[in-house]
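Trainee: Let me give you the structure first, and then I'll get to my questions.
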Amino acid sequence: MADILEEIVAHKRLEVDEFKQIITPENLYNMVEQKMQDLEKFASPVCSMRKALMASDTGIISEFKRKSPSKGWIHRDAKPSEVTIAYQENGAAALSILTDMKYFGGDDEFIRQARAVGVTIPILYKNFIIDEYQLFQARLCGASAVLLIAADLTKEECRGLLHKAHELGLEVLLEMHQERDFDYVDLEPDMYGINNRHLGTFHTNVKSSIKLVSRLPEQVCKVSESGIHDAKTVERLRQVGFNGFLMGEYFMKEAEPGKALADFIAQCRARQAR
C-alpha cells in the first residue's frame, strides 16, 4: 500500500480550504466565541480526558469508526446517537469519534449527536489536524480534546496548534509512532499517544507501545492506540505504564458495540481480580 498518510494529509489541506469557502475563518471564530459566551456547556471548562483516563480502572477509549482506509466499511449503518450513549452506559472512560468523511466515514455532526443524547464523558475529536481552523471546528461541535499527529506536522506547527487548542479549552492527545516523533515529547501535551498502527502501511503491532513507552516521561498520561484485541494485552500495557487504551474496530465490527465494550471491560476486571 502506498503511504496513505501522505494522501490523507494532501486531501485534508484541500478539504480545509473548501470549508473556509463555506464558513470563513472569521465567521467560524465568531461562532465559537459566541458559543463560549452564551452556552453553559461552552462557558464551563470541557470535561478533562486526561483526568478521566488517570482515574479510570480500565482506561478504555471507545471509538466510533464506521470505516477505515485499510478495512473499508466496518459498520456502515452504525448510528452515533445510539452507539456513543451505549459506550458511555457500558463503562467507557472516554470516546473517540472519527470526523474525517472521505477516509473514515465520519462527520463533526456525530459529536453533536452524541452530546445531544446525553454523552457527558470526554470526547476526542479524531481527525488529521493541520490547520487551527479545525480546532475551532472541534470546539464548536462539543469535543473535549483533539488529536495531533506528530507525523503530520513540523514541531513548530505542532507547538502552535497545541497552544491554540489550550486557548480554546481543548486538551491534546499527541500521537507518535516512529523515532523522529519523540523529538516532540518536550511540547508537553495533555496526553501522549503511541499508535501501534504504521501510518503508511496501516499494519498494526501492539509491541510498538511496549517498545517505545520508555521514551515517554514517567508521570504523564500515556495512551496506546490501535490493534488492541484482548484483556491480556490491556493488562500488559497497563503494567508498562499506559493509562488509556484506544479501541475502535474491535467493538465497531459487532452488531452491538456497547455490549461488546461491556463484555471486554468485564474480562479486564476479571483479570485484575485474579
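Trainee: Suppose we filter the stretch 122-138 for residues that are part of a helix (DSSP H, G or I) and either within 10 Å of I111 (Cα to Cα) or open to solvent by 10 Å² or more (accessible area, probe 1.4 Å) (or both); how many remain?
Mentor: Applying the first criterion (part of a helix (DSSP H, G or I)) to the stretch 122-138 yields 132-138.
Still in the running and either within 10 Å of I111 (Cα to Cα) or open to solvent by 10 Å² or more (accessible area, probe 1.4 Å) (or both): 132, 136-138.
Count: 4.
Trainee: Then there's this: If we scan the stretch 32-41, do we find a residue that is farther than 21 Å from L135 by Cβ and open to solvent by less than 20 Å² (accessible area, probe 1.4 Å)?
Mentor: No, the stretch 32-41 contains no residue that is farther than 21 Å from L135 by Cβ and open to solvent by less than 20 Å² (accessible area, probe 1.4 Å).
Trainee: Quick test for you: out of F242, F264, pick the one residue that is under 17 Å from A93 (Cα atoms) and either assigned to a helix (DSSP H, G or I) or among the small types (G, A, S) (or both).
Mentor: Residue meeting the stated conditions: F264.
Trainee: Being assigned to a loop (DSSP other than H, G, I, E, B), under 30 Å from E7 (Cβ atoms) and open to solvent by less than 50 Å² (accessible area, probe 1.4 Å) is the filter here; which residues of the stretch 102-121 pass it?
Mentor: Selection gives G105, G106.
Trainee: Looking at the stretch 222-243 only, could you name the residues that are open to solvent by 20 Å² or more (accessible area, probe 1.4 Å) and of a type in the set (A, V, I, L, M, F, W, C)?
Mentor: V240
Trainee: Next question, about the same structure. Output the number of residues of the stretch 87-101 satisfying the condition of being over 18 Å from the mean Cα position of the chain (by Cα) and either surrounded by 20 or more Cβ atoms within 10 Å (Cβ to Cβ) or not charged (D, E, K, R) (or both).
Mentor: So the count comes out to 1.
Trainee: A follow-up question, please. How many residues are in contact (Cβ under 8 Å) with a residue 24 or more places away in the chain, open to solvent by less than 70 Å² (accessible area, probe 1.4 Å) and farther than 22 Å from N196 by Cα if we restrict to the stretch 244-274?
Mentor: Summing the residues that are in contact (Cβ under 8 Å) with a residue 24 or more places away in the chain, open to solvent by less than 70 Å² (accessible area, probe 1.4 Å) and farther than 22 Å from N196 by Cα in the stretch 244-274 gives 4.
Trainee: So K71 fits all but one of (1) free of Cβ contacts under 8 Å to residues at least 12 places away in the same chain; (2) open to solvent by 40 Å² or more (accessible area, probe 1.4 Å); what number is the exception?
Mentor: Only one criterion in (1) free of Cβ contacts under 8 Å to residues at least 12 places away in the same chain; (2) open to solvent by 40 Å² or more (accessible area, probe 1.4 Å) is unmet by K71, namely (1).
Trainee: Sticking with this structure for a sec: Among residues belonging to the stretch 207-221 that are part of a loop (DSSP other than H, G, I, E, B) and not aliphatic (A, V, I, L, M), point out the one that is surrounded by the fewest Cβ atoms within 10 Å (Cβ to Cβ).
Mentor: Step one: filter the stretch 207-221 for residues part of a loop (DSSP other than H, G, I, E, B), giving 216-220.
Subset that is not aliphatic (A, V, I, L, M): 217-219.
Numbers: P217: 10, E218: 8, Q219: 6.
Among them, the one singled out is Q219.
Trainee: Among the candidates F242, F182, which residue alone is aromatic (F, W, Y) and under 29 Å from V119 (Cβ atoms)?
Mentor: The conditions single out F242.
Trainee: Count, please, the residues in the stretch 30-57 that happen to be at pLDDT below 95 and either assigned to a helix (DSSP H, G or I) or among the aliphatic types (A, V, I, L, M) (or both).
Mentor: Step one: of the stretch 30-57, the residues at pLDDT below 95 are 30-47, 57.
Those left that are additionally either assigned to a helix (DSSP H, G or I) or among the aliphatic types (A, V, I, L, M) (or both): 30-43, 46.
Counting residues in the stretch 30-57 that are at pLDDT below 95 and either assigned to a helix (DSSP H, G or I) or among the aliphatic types (A, V, I, L, M) (or both) gives 15.
Trainee: Within the stretch 56-68, work out how many residues are over 18 Å from L261 (Cβ atoms) and open to solvent by 30 Å² or more (accessible area, probe 1.4 Å).
Mentor: 1
Trainee: In addition: For the list (1) within 16 Å of E63 (Cβ to Cβ); (2) surrounded by fewer than 24 Cβ atoms within 10 Å (Cβ to Cβ), I need the number of the one condition that S144 fails.
Mentor: Going through the list (1) within 16 Å of E63 (Cβ to Cβ); (2) surrounded by fewer than 24 Cβ atoms within 10 Å (Cβ to Cβ), S144 breaks only (2).
Trainee: What single numbered condition from (1) open to solvent by 10 Å² or more (accessible area, probe 1.4 Å); (2) within 20 Å of I60 (Cα to Cα); (3) not aliphatic (A, V, I, L, M) fails to hold for E175?
Mentor: Result: E175 fails condition (1) only.
Trainee: Then there's this: For the stretch 184-199, check the following and say yes or no: at least one residue is more than 16 Å from the chain's Cα centre (by Cα), open to solvent by less than 30 Å² (accessible area, probe 1.4 Å) and closer than 23 Å to R236 by Cβ.
Mentor: yes
The values are calculated or read from the model by the stated rules, or taken from the named source; none is laboratory data. In this text the structure is predicted, and so the values were computed from the model without any measurement. Cβ atoms come from the backbone with ideal geometry, glycine included; neighbour counts cover every protein chain shown. Surface areas here come from the heavy atoms of the whole protein model, side chains and all, with no ligands, DNA or RNA. Shrake-Rupley method; radii C 1.70, N 1.55, O 1.52, S 1.80 Å.
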